[in-house]
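Novice: I'd like to ask some things about the structure below.
The values are calculated or read from the model by the stated rules, or taken from the named source; none is laboratory data. Keep in mind that this is a model prediction, so the values were computed, not measured. Every residue, glycine as well, gets a Cβ built from its backbone with ideal geometry; the counts of neighbours run over all protein chains shown.
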Amino acid sequence: MSGICNRREFLKRCSIGMAALGLSQPGKIFAKNRNKPNIVWIIVEDMSCHFGCYGETSIRTPNIDQLAAEGVKFDKAFITAPVCSPCRSALITGMYQTSIGAHQHRSGWGTEKIHLPTKIRLVPAMFQEAGYYTCNGFIDNRKKRPGKTDYNFEYDKAVYDGTDWADRKPGQPFFAQIQLAGGKGRTKNTPEPIDPTEVKLPPYYPDDPVIRDDWAQYLNAVMNTDIQVGQIVQRLKDEGIYDNTSIFFLTDHGISHARGKQFLYDEGIHVPLIVRGPSLKAGTVREDLVIHIDMAATSLALAGITIPEWMEGKDILAKDYQQRDHIVSARDRCDETVDRIRCVRTDRYKYICNFYPKRPYLQPCAYKDKKEILKTLRRLHKEGKLNRDQELIFAERRPKEELYDLQKDPWELHNLAGDDSHRRILSNMRKILDQWIRETNDQGQYRESKAMYDSDMKVYVDGIRKRGGEEWIEHAKLIERNIALMKKWQAEGR
């Protein structure tokens, strides 16, 4: 048998060679990972905490309520950015979007690119290295369509092995992201649609048929989301893997409305977060402050993967976890609309710093202004039919600072920043924000380059024009007018 080794000798040599390369034997990889929990992220778009388990009484959400009853419900969870791409860029890295330069909405999409700092790695890549199958898709993946990413930086698409865990190897644990349309799926089509006359509107929105109908369609979308969550859970049960799967349910930001999406009021940043898993105590309710990037660190920890020291998110299920006394959230450019807002929120107070106080709250933004609810609000404003609370969002100039006592003023309608009795609180909150900006090197303090802005706007406008038809051609022209206005205001120091 000279020159030829038998099977046993061959495997021995392969094992030695793989060990020298720092690799394990394939069989041992899956044996080692067989008992590791699967991790599922259910990520819902444009939806606030309008679920039964969070106090919503107008509709029923039995599946999400059951998920909460079986796991841990966080009553005070917040996102670090109230718009899709910065929020998702933060989530997938476990970093504030402002720390990694991914804070401008839909940035780095043109010829100018954004590259992550060398040390920063995406969560799915770390799961892959631990032997997990990684996938990102939708609830119905028969077409194998990749799920929404919306990351504002360059990354290797190979961090996802596929779109559905059905394609993994036998016995292989998986990390799955399931994307649901959520509030983007406003509709009248649901098994038990709510009557618009029965919805309860926040006091800062007028009692108008258009506003009511939109809110009802949004709540219908909430119920449809609940149905989809039930379908995901049932699939996991049918496949016999539910009991070994940790499920994270959250939304990427609050409802898309005048004071919601894109703004730092609680309507925009307060989101549901439910974690259900084999090692968690059922029916737990947490009242402490958490942020959505904590999902990254917590997921890694549940899988037994070491949390990188650079990661800003924390393992909120760790025995030695130290609860936060405040959270920070940030809003920057949204599409063509240049802005910079920061907020600090404690259990009782909300501090907002407007870095463009000479501009109106509702700056021109083609995406939002196209919505019937915004058109209706603007019409009612012009007709003088809004009350004091409903007029606040139409201020032509903003206060430099806003301060709200959330205990007495949960709707954030009475700004206490100019109240002498709250001077010390205001000062403390200001210091917290200043320190956070320094320590995280908030990239929003540096103006976005003209090259980056122009590059992104070209992609944006060209994409709208390609949709064809007079409606979209006019929409593209509106965006171009808004771009010109942004540049004009910048030149004027406004």
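Novice: Can you tell me which residue within segment 372-390, out of those that are loosely packed, with under 15 Cβ neighbours inside 10 Å and under 28 Å from the mean Cα position of the chain (by Cα), is nearest to Met429 (Cα to Cα)?
Specialist: Arg378
Novice: Against the definition (surrounded by fewer than 23 Cβ atoms within 10 Å (Cβ to Cβ), small (Gly, Ala, Ser) and out of contact with any helix residue (DSSP H, G or I) (no Cβ under 9 Å at 6 or more places or on another chain)), how does Gly171 come out, yes or no?
Specialist: No; evaluated as a whole, the condition is false for this residue.
Novice: Out of (1) closer than 30 Å to Lys385 by Cβ; (2) crowded, with 18+ Cβ neighbours inside 10 Å, what's the single condition that is false for Asp161?
Specialist: Result: Asp161 fails condition (1) only.
Novice: Okay, moving on. Would you mind finding the one in Tyr133, Tyr205, Tyr155, Tyr218 that is touching a strand residue (DSSP E or B) at 6+ places or on another chain (Cβ under 8 Å), of a type in the set (Ser, Thr, Tyr) and modelled with pLDDT of 95 or more?
Specialist: Of Tyr133, Tyr205, Tyr155, Tyr218, the one residue that is touching a strand residue (DSSP E or B) at 6+ places or on another chain (Cβ under 8 Å), of a type in the set (Ser, Thr, Tyr) and modelled with pLDDT of 95 or more is Tyr133.
Novice: Looking only at segment 292-301, decide whether some residue is β-branched (Val, Ile, Thr) and touching a Cys at 6+ places or on another chain (Cβ under 7 Å).
Specialist: No, that holds for no residue.
Novice: Given the structure, is His270 surrounded by 22 or more Cβ atoms within 10 Å (Cβ to Cβ), modelled with pLDDT of 95 or more, closer than 30 Å to Ser455 by Cα and not basic (Lys, Arg)?
Specialist: When the stated conditions are applied, His270 does not pass them.
Novice: What number goes with the only condition from (1) outside any loop (DSSP other than H, G, I, E, B); (2) crowded, with 24+ Cβ neighbours inside 10 Å that Ala125 does not pass?
Specialist: (2)
Residues checked against (1) more than 24 Å from Ile432 (Cβ to Cβ); (2) in a strand (DSSP E or B); (3) assigned by TED's automatic domain parsing to the domain that holds Trp411; (4) at pLDDT 95 or above:
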| position | (1), (2), (3), (4) |
| --- | --- |
| Leu300 | yes, no, yes, yes |
| Ile305 | yes, no, yes, yes |
| Gly313 | no, no, yes, yes |
| Ile316 | no, no, yes, yes |
| Gln322 | no, no, yes, yes |
| Ala330 | no, yes, yes, yes |
| Lys350 | no, yes, yes, yes |
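Novice: Go through (1) closer than 14 Å to Thr251 by Cβ; (2) within 12 Å of the chain's Cα centre (by Cα); (3) of a type in the set (A, V, I, L, M, F, W, C) one by one and return the number of the condition Ile92 breaks.
Specialist: In the conditions (1) closer than 14 Å to Thr251 by Cβ; (2) within 12 Å of the chain's Cα centre (by Cα); (3) of a type in the set (A, V, I, L, M, F, W, C), Ile92 misses (1) alone.
Novice: Which residues, taken from segment 381-399, are closer than 28 Å to Cys353 by Cα and either touching a residue at least 40 places away in the same chain (Cβ under 8 Å) or outside the structural domain of Pro357 (by TED's automatic domain parsing) (or both)?
Specialist: Leu386, Asn387, Asp389, Gln390, Leu392, Ile393, Arg397, Arg398, Pro399
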